[in-house]
Amino acid sequence: LDLPPGPERDVALHEARKAAKKVRYAAEAARPTLGKPAKRLGKRVKAGQKVLGDHQDSVVARGTIRDLAVAAQTTNEAGFTWGVLYGGEQAVAHTREQELLTVWERASAPKLRKRLSR
């Protein structure tokens, strides 16, 4: 999220989603040994995956909306609706980015990390 809004940030967030998926699977595999802390980590990372997945869906939707808007413009169709849809998806992405801060904080809580390192 330290990157400015745009394609670079979108790619970084998608990579974070893929990394979170790996952490979640590792936590699930560690549950028999680490118990509740691993289960808790898995749930929290899964929540992060969901937020990041929604963000990625918005990125893809905006690309499609943009393509459809360009195609509509070449046939002299009105573009306002496409702009409204695009703006709505931008708002979704922004909301998910804000949610990510809270979700990530929970998943990386020092108390949970301490319990996992035993």
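The values are calculated or read from the model by the stated rules, or taken from the named source; none is laboratory data. This structure is a prediction, so every number in the text was calculated from the model and none was measured. Cβ atoms come from the backbone with ideal geometry, glycine included; neighbour counts cover every protein chain shown.
For residue 58, the conditions (1) in contact with an Asp or Glu (Cβ under 6 Å, 6 or more places away or on another chain); (2) loosely packed, with under 14 Cβ neighbours inside 10 Å; (3) among the hydroxyl-bearing types (Ser, Thr, Tyr) are fulfilled apart from (2). When 2, 10, 67 are checked against the criterion of being assigned to a loop (DSSP other than H, G, I, E, B), of a type in the set (Asp, Glu) and farther than 21 Å from residue 110 by Cα, 2 stands alone in meeting it. When you look at residue 38, is it over 18 Å from residue 98 (Cβ atoms), in a helix (DSSP H, G or I) and touching a residue at least 60 places away in the same chain (Cβ under 8 Å), yes or no? The answer is yes for residue 38. Residue 34 passes all but one of (1) within 24 Å of the chain's Cα centre (by Cα); (2) crowded, with 17+ Cβ neighbours inside 10 Å; (3) of a type outside the set (Phe, Trp, Tyr); which number fails? Residue 34 satisfies all of (1) within 24 Å of the chain's Cα centre (by Cα); (2) crowded, with 17+ Cβ neighbours inside 10 Å; (3) of a type outside the set (Phe, Trp, Tyr) except (1). Within region 86-106, one or more residues are crowded, with 16+ Cβ neighbours inside 10 Å, aromatic (Phe, Trp, Tyr) and modelled with pLDDT of 95 or more. Considering every residue within region 15-25, establish whether at least one is over 20 Å from the mean Cα position of the chain (by Cα), β-branched (Val, Ile, Thr) and assigned to a helix (DSSP H, G or I). Scanning region 15-25 turns up no residue that is over 20 Å from the mean Cα position of the chain (by Cα), β-branched (Val, Ile, Thr) and assigned to a helix (DSSP H, G or I). For region 31-53, residues that are modelled with pLDDT under 95 and in contact with a His (Cβ under 8 Å, 6 or more places away or on another chain) total 0. Step by step: first the residues of region 84-118, then only those that are in a helix (DSSP H, G or I) and of a type in the set (Gly, Ala, Ser), then the one that is farthest from residue 5 (Cα to Cα). Which residue is that? The selected residue is 107.
Taking every residue in region 101-118 that is over 14 Å from residue 40 (Cβ atoms) and pairing it with any residue that is surrounded by 12 or more Cβ atoms within 10 Å (Cβ to Cβ), at least 6 positions away or on another chain, the pairs with Cβ-Cβ distances below 7 Å are 104/48.
Of note, residue 46 satisfies the criterion of being surrounded by 17 or more Cβ atoms within 10 Å (Cβ to Cβ) and within 30 Å of residue 30 (Cβ to Cβ). Among residues of region 64-75 that are closer than 17 Å to residue 89 by Cβ, those with a beta-carbon under 9 Å from a residue that is part of a helix (DSSP H, G or I) and polar (S, T, N, Q) at least six positions away or on a different chain give the pairs 69/81; 72/81.
The residues of region 70-83 that are assigned to a loop (DSSP other than H, G, I, E, B) and either surrounded by 14 or more Cβ atoms within 10 Å (Cβ to Cβ) or acidic (Asp, Glu) (or both), listed by number, are 77, 79.
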